[in-house]
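Just below is one structure, and these are the notes that go with it.
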Amino acid sequence: MMRSLRWTAMACFLALSLGENSWAQGPEDRTAKYLESVRHHPGLLLAFLQQMPKGGDLHVHLSGAIYAESFIDWASENALCVDRSTSKLIRSACDSCEAYTNKPSVRCAYQDHILYDQLVDAWSMRNWHREEESGHDHFFATFEKFSPAMEKHVGDALAEEASRAAEDHLQYVEVMHTADGMQAATLGGKLGWDDDFGKFREKLLGGGMADVVASVRSQLDSDEARKKEVLHCGTAQGAPGCGVTIQYLYQVLRGLPREQVFAQILLGFELAKADPRFVGFNLVMPEDYYVPMHDFDLHMRIIEALRKFYPATHVSLHAGELAMGLVTPEGLRFHIRESVERAGAERIGHGVDVMSEDDPIGLLEEMAKKNVLVEICLTSNDVILGVSGDRHPLPVYMKYGVPVALATDDEGVSRGNMTQDYLRAVETYGLSYLQLKHMARESLEHSFIPGDSLWSDGHELRRAAACADDKASGDRVSPKCEKLIGASERARVQWQLERAFAEFEKKF
């Protein structure tokens, strides 16, 4: 009897001790331990990561973020037909909805499950098989097929992106968007190439670029109004997506002729100067295509020359979205370095081939020193390039102190979301809760949100002195911290993330 009582007393003591230690560890430690406890339980791990605050998505293409099912609806509203043999949307007189007509209306897909499934598969990576078709080719072919559905539906697309971001517990998204409908490219083609970059800039500015800027701003007003209408923002029925901050990177199509690329790059600079919603620009289209490869150095020189006129403009560049065999070995050796050193990129999108660059270790050290963040797109790199697991450079970037943040790239085409990329990061690379939390903070620290940062050190993310003693879990902040948050949009969004982490960690 006495032995039984002693064991009971010891058990109670141990339970109390563990409980005290658990509380002494604090919410962050308990949350980190919970992740470790579910690391090998995929369902529980997914549920944990879905609810985890994730900060911002810095690398997302608007058209690529939309799921094929939405494009079917919008194409139907636009009264478009589809070429059944290619799955491309076309504008013409549509055939009837009888089985296997050549050009049925997209509306026919609602009663024809074979056609509906064909469109979803053709406009995304659903049911794609690596053994039968190049992921690269299938992925990039989707955009030409569904792009007419985006007409008159940019606002709807913004609403969908905001809603999905909110579901993923993201607060901030920088959307890449060619918002001018090719007006700048048309202007550049009309005026023709000039080897003198300064003179070419003056020709474009004097030839109608201001009208393009005004047109973009007016259209964006309309698109954002539609987004708010869809989400019922400002009403009692406002959707969670209303709380997501969306800003824009003007999307330059680098596969176009050089005079059109120049005009679009100039428009990117001009929009960032004229409209605070545009926080920078980026160059897009497959890096391995002929023109992006052949003109890569030219594009870097254009950005380098124009930055002198717009020193405050932010630049994030796709670079290193390549793999051995996709291009010649020489093509893998300099894109990331040129983007950082010549074009002054503050962030690099993808950066997959970094270890094929000349002096890769030196480049990694330089990126760490300059605090250049890499936007890591794990799902995209896998389906497009076939690069995943140990072949992906994420662990190398982390080893050399290069800041990184996870990003979705084209979640609609890839049929994924940010939570799935977090899951992939944990399962593949064994990342801890603290590492994921640091990445989420990095995403906002390296965003192009204006204003002073909540962090005094952009490398270690040490809290600024004004907010050093404030607890995110508290109801109030000190006057100094409140002043910083009130005066800086960046600090405000960062503090929102800290509050979200505090609420999340209370669950554990």
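The values are calculated or read from the model by the stated rules, or taken from the named source; none is laboratory data. Predicted, not measured: the structure shown is a model, and the values here were computed from it. Glycine also receives a Cβ, built like all others from the backbone with ideal geometry; neighbour counts cover every protein chain displayed. Heavy atoms of the whole protein, side chains included, go into the accessibility calculation; ligands, DNA and RNA do not. Shrake-Rupley method; radii C 1.70, N 1.55, O 1.52, S 1.80 Å.
Things worth noting here:
- The C-alpha atoms of the chain define a longest principal axis, and helix 42-51 lies at about 80 degrees to it.
- Between Lys199 and Ala141, the FRET efficiency estimated from the beta carbon spacing at R0 = 30 angstrom works out to 0.20.
- Inter-label distance for Lys103 and Asn78, nm, one decimal - labels placed 7 Å from Cα along Cα-to-Cβ: 1.6 nm
- Excluding same-chain neighbours fewer than eight residues apart, the aspartates and glutamates reachable from Lys203 by a Cα-Cα span under 16 Å are Asp194, Asp195, Asp211, Glu259, Glu270.
- Working from Cα pairs under 8 Å separated by at least six residues, relative contact order for the chain is 17 percent.
- When only alpha carbons are used to place a centre, the range 69-88 and the range 146-191 end up 18 Å from one another.
- Average accessible surface area per residue within the chain, 1.4 Å rolling probe, Å²: 44 Å²
- What the Cα convex hull of the chain gives, in volume per residue, is 200 Å³.
- Over all other residues within a Cβ to Cβ distance under 11 Å of Glu160, the charged ones net out to -4, with Lys and Arg as +1 and Asp and Glu as -1.
- Among the listed pairs Lys471/Lys507; Lys273/Lys369; Lys228/Lys507; Lys471/Lys506; Lys103/Lys145; Lys145/Lys190, those beyond 20 Å (Cα-Cα): Lys273/Lys369; Lys228/Lys507; Lys145/Lys190
- Separation of the range 278-328 and the range 394-421, taken as the distance between their Cα centroids, equals 20 angstrom.
- Treating r as the C-beta distance of Asn127 and Arg39 and R0 as 35 Å, the FRET efficiency rounds to 0.70.
- With respect to the chain, whose longest principal axis is taken over its alpha-carbon atoms, helix 489-505 is tilted by about 50°.
- Spin-label pair Arg301-Glu365: with each label point 7 Å from Cα along the Cα-Cβ axis, the two points sit 3.0 nm from one another.
- For q = 0.11 Å⁻¹, Debye-computed log10 I/I(0) when each Cα of the range 58-202 counts as one equal scatterer: -0.54
- Lys/Arg +1, Asp/Glu -1 at C-beta; the chain dipole; positive extreme among Leu204, Ala487, Phe269: Ala487
- Per residue of the chain, the DSSP helices (runs of n ≥ 4 H) give a summed -39500 (n - 2.57) that works out to -15000 deg cm²/dmol at 222 nm.
- Compared with the alpha-carbon gap, the fully stretched path from Lys152 to Lys308 is longer by 52.6 nm at 0.36 nm per residue.
- The Rg/Rh ratio of the range 192-292, with both radii computed over alpha carbons and Rh defined as the Kirkwood radius, is 1.09.
- Under the simplified labelling scheme, the Ala468-Asp221 pair shows an inter-label distance of 4.6 nm, with each label point 7 Å from Cα along Cα→Cβ.
- Model label zone, Lys480; criterion: amide N under 15 Å from point 7 Å along Cα-to-beta-carbon; scope the range 439-472: 454-457, 463-471
- Sum of side-chain charges, Phe501 neighbourhood, beta-carbon under 12 Å (Lys, Arg +1; Asp, Glu -1): +3
- Largest to smallest in accessible area, the residues His41, His314, His138, His350 fall in the order His41, His314, His138, His350 (1.4 Å probe, all protein chains included).
- Relative packing of peptides 445-453, 63-71, 386-394 - highest average C-beta neighbours within 10 Å first: 63-71, 445-453, 386-394
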